[in-house]
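Working notes for the structure below.
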Amino acid sequence: MGGPGNYRFGRVLGEGAFAHVIHARSKSEGHDVAIKVMLKSHIEREGKHHAVMAEQAALRKCAECPHVITLERTFQDEEYLFFVLEYAAGGDLSRAIRRLQRAQGGLKPEMAAFYTAEVWLGLEFLHERGLAHRDLKPENVLLDASGRAKLADFGAILDASAAARPSKPLVEASDDGEGRRSKYVTHLSERHGSFEGTAEYVSPEVLQGEPTTTACDLWALGCLVFQLSTGRLPFRAPTDFLLWEKIIAYAEGRDDAALDTPASLSPAAEGLTRALLRKEGKDRLGAANGADLENHDFFGMVDWSRQRLGTVSPPYVPPKLD
Ligand code: ADE
């Protein structure tokens, strides 16, 4: 049974530029779902038709992956498109990080390893199919009632197996007249609205307008490892522009761009962060061979075959969203 009439709509779970996600209960089957509702006229007006089709196609390709939110069905009426998604009762990973920080001062290393492993298994599934998520961050990782993590929000998904066209860089080094590359010029105003992803997690190749590959997600995974391990992001600045300068300076190994690593950061977490935050996508750990990533010390406590099967007890059971 399809159609909006089959659902009792409840509260808003999330709002984006193009969609609302609303909690609903199926009248025929009785289970909870999250319905992403998009206004067709808005999609048309903003030229987002292709992105919405790509999101749907990618979610369908991932139907079997336990580390990706399931798309149950889609339907439409005259005005709206509806994506009926698996409901993640545990909220998103940023909420879990905040709660664990308040309750116990941060995540234990085994918790950071558990979430990173869950996210990696979702990414591995996508990457094997040529898909780049392009907006990996804790807000887009949802927890089910038991605490297992699933990738969500495929609104920026890219089929990287289709020819990736370089775009104009967001930030570009400029010559200061004496051959020193000391300044950056930005094309942000020209490109406003065409940037996919979130500033803090964006990879240098995206900033520099180079072709995007699935390795952009490995850069964001590096940011996530640092965040899960320290409670804060590796790159922070008062403005997006300064932030992007920092990201590029770090990627290029400039002297003034050291990672600000707190003493509490374990060598394994720091090592994995650095192995993922490599300038060239192909050099990021896991880009060439997933086993290289899985064998890193950071995952010493992870039993990968049980993690893949979903038989590991999650280290934290999130309180249900009310
Ligand atoms: N917020 C966005 N998508 C969601 C989902 N599938 N479940 C719960 N909350 C969400």
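Straight-line reach only, C-alpha to C-alpha below 18 angstrom: list the lysines that residue 320 could link to, leaving out same-chain residues fewer than 8 apart. Those lysines meeting the cut-off are 150.
Its Cα centre serving as origin, the chain has a Cβ charge dipole (Lys and Arg +1, Asp and Glu -1) of approximately 720 debye. For residue 40, a cut-off of 14 angstrom between C-alpha atoms picks up these aspartates and glutamates, skipping any fewer than 8 places away in its own chain: 77, 78, 79.
As a rough guide to protection, the peptides 128-141, 14-27 ranked by mean Cβ packing within 10 Å, highest first, stand as 128-141, 14-27.
Each stretch of four or more DSSP H residues adds -39500 (n - 2.57); spread over every residue of the chain, this sum gives -9500 deg cm²/dmol at 222 nm. Amide H contacts of residue 7 (H built 1.01 Å from N, in plane; Pro and chain starts excluded): 27 sit under 5 Å, all sequence-distant by 5 or more or on other chains.
Around residue 261, what is the net charge, scoring Lys/Arg as +1 and Asp/Glu as -1 over all other residues with Cβ under 10 Å from its Cβ? So the surrounding residues net to -1.
The local environment of residue 120, defined by Cβ-Cβ distances under 11 Å, has a net charge of -3 under the rule Lys, Arg +1 and Asp, Glu -1.
Rounded to the nearest Hz, the phi-derived 3J(HN,Hα) couplings of the stretch 69-79 under the Karplus curve 6.51 cos²θ - 1.76 cosθ + 1.60 (θ = phi - 60°) are 4, 7, 8, 6, 6, 10, 7, 8, 10, 4, 9, where x marks glycine and proline. Extension gain, residue 103 to residue 129, is 5.5 nm, computed as 0.36 nm per intervening residue step minus the present C-alpha separation.
In this simple spin-label approximation, residue 139 and residue 56 carry label points 7 Å from Cα along the Cα→Cβ vector, and these lie 2.5 nm apart. Be a star and scan the stretch 120-139 for residues whose amide nitrogen sits under 14 Å from the point 7 Å along the Cα-to-Cβ vector of residue 94. Inside the label zone: 135-139. Restricting the calculation to Cα atoms, the chain yields a radius of gyration followed by a Dmax of 20.1, 71 Å.
Under 22 Å between alpha carbons, and skipping anything fewer than 8 positions from residue 282 in its own chain: which lysines qualify? Residue 282 reaches 137, 168, 246.
A Förster radius of 51 Å, combined with the Cβ-Cβ distance separating residue 11 from residue 291, puts the computed FRET efficiency at roughly 0.75. Taking amide hydrogens as placed 1.01 Å from N in the peptide plane, the amide H of residue 13 sits under 5 Å from those of 21, 22, 23, each at least 5 positions away in sequence or on another chain. Relative contact order of the chain, taken over Cα pairs closer than 8 Å and 6 or more residues apart, is 16 percent. Cβ under 14 Å from residue 322's Cβ, residue 322 left aside: what net charge do those residues give with Lys, Arg +1 and Asp, Glu -1? Once all neighbours under 14 Å are counted, the net charge is +3. Summarising the amide proton neighbourhood of residue 145: residues at separation of 5 or more, or on other chains, whose placed amide H is nearer than 5 Å comprise 89, 90. Looking at the stretch 1-131, what % of the alpha carbon pairs are farther apart than 27 Å? Pairs farther apart than 27 Å: 30 percent.
Here the relative contact order of the stretch 62-152, from alpha carbon pairs under 8 Å that lie six or more residues apart, stands at 38 percent. Here each label is just a point 7 Å from Cα along the line to Cβ, and for residue 263 and residue 301 those points are 2.2 nm apart.
Here the Gaussian network model covers the chain, with springs between Cα atoms less than 10 Å apart; of 263, 34, 51, 263 fluctuates the most.
FYI, it's all coordinate maths here, none of it is from the lab. Predicted, not measured: the structure shown is a model, and the values here were computed from it. All Cβ positions, glycine included, derive from the backbone under ideal geometry; neighbour counts span all protein chains shown.
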